[in-house]
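Encoded as structure tokens, the structure appears first; notes follow it.
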Amino acid sequence: MSDDFYSIRTMSWKNNDVGGSIEFEIICCGHKSDGSFDLSCEIASLSGFILDLGYYPTVRDIGVFQAFDMRSGHAVDTFRVITKRRSMIKRVLPDLDMDFTGTFIHLEKLWVREDFRGNRLGLRLMREARNMFGRFGSLALLKAHPDGDQTSDDDCRRLARYYQSDRVAGFRPLSARGEPGWLVADWYDPGTYGDDTSYWSPAKSPDRC
């Protein structure tokens, strides 16, 4: 295989501390000389978790709140969006049937090596997440937030617009003014995959690992 091709692999595992929770990580890496997957040459990754409840929680659902609270403050904010912004979610995703929505897919952290940015690789990993985990009754969420401590709401909106540009991932803004950066998507199926394969090749080829 050519040196400018990279493999995309998905790993998932149960979180024994939180019932019904699945951790996942999608990685894009190079290859060793024998063609095997080279984890030491990671160029991008997308991580998150899936909470399969079987129902749509309310703000009073303490057990579900604790499942988010055990992770981070950002995860707690995700619980807030799910429970307190239900009407806003329904407005931007009118075809989402709340009565049958019980699986919540939170895309927590997306990273792309700096010299590989500008190739839409992050969007490719989002499509992979939908392909692997999308099914009827699934709501996907993420907060578009650039790296760094000095980011503004406009920075979040700008990154959110980039994430929205991928039609397969299907993310839509919850409220550009009231909830800058927050995106939601109805992952009711794995999505239309088109030309995507288990390999990825950049339009421009930076130096390898």
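Please treat every number below as a calculation from the coordinates, not as lab data. Since the structure is predicted, the reported quantities are computational estimates derived from the model, not experimental observations. No Cβ is skipped: glycine too gets one built from the backbone with ideal geometry, and neighbour counts run over all protein chains shown.
Annotations
- Put simply, the amide H of Ala44, placed in the peptide plane, has neighbours under 5 Å in Cys28, Arg113, leaving out anything fewer than 5 places away on its chain.
- Calculated on the alpha-carbon coordinates, the convex hull of the range 36-108 measures out at 144 cubic angstrom per residue.
- Evaluated at q = 0.12, 0.13, 0.19 Å⁻¹, a Debye calculation over the C-alpha positions of the chain (equal weights, vacuum) places log10 I(q)/I(0) at -0.63, -0.74, -1.45.
- Each peptide among 90-98, 137-145, 23-31 gets the average number of other Cβ atoms lying within 10 Å of its residues, and from highest to lowest they stand as 137-145, 23-31, 90-98.
- Taking other residues whose beta carbon is less than 11 angstrom from the beta carbon of Tyr56, and scoring Lys, Arg as +1 and Asp, Glu as -1, yields -1.
- Relative packing of 116-124, 69-77, which averages over residues the other C-beta atoms within 10 Å, highest first: 116-124, 69-77
- A Stokes-Einstein calculation at 37 °C with viscosity 0.692 mPa s, built on the Kirkwood radius of the range 65-181 over Cα pairs, returns a diffusion coefficient of 216 µm²/s.
- Taking 0.36 nm per residue of sequence separation and removing the Cα-Cα distance, the Lys32/Arg60 pair yields an extension gain of 5.0 nm.
- 3J(HN,Hα) from dihedral phi, the range 40-48, Karplus parametrisation 6.51/-1.76/1.60, rounded to Hz, x for glycine, proline: 6, 10, 7, 10, 6, 7, 9, 10, x
- Residues Phe37, Phe104, Phe49, Phe65 arranged by fewest to most Cβ contacts within 10 Å: Phe37, Phe65, Phe49, Phe104
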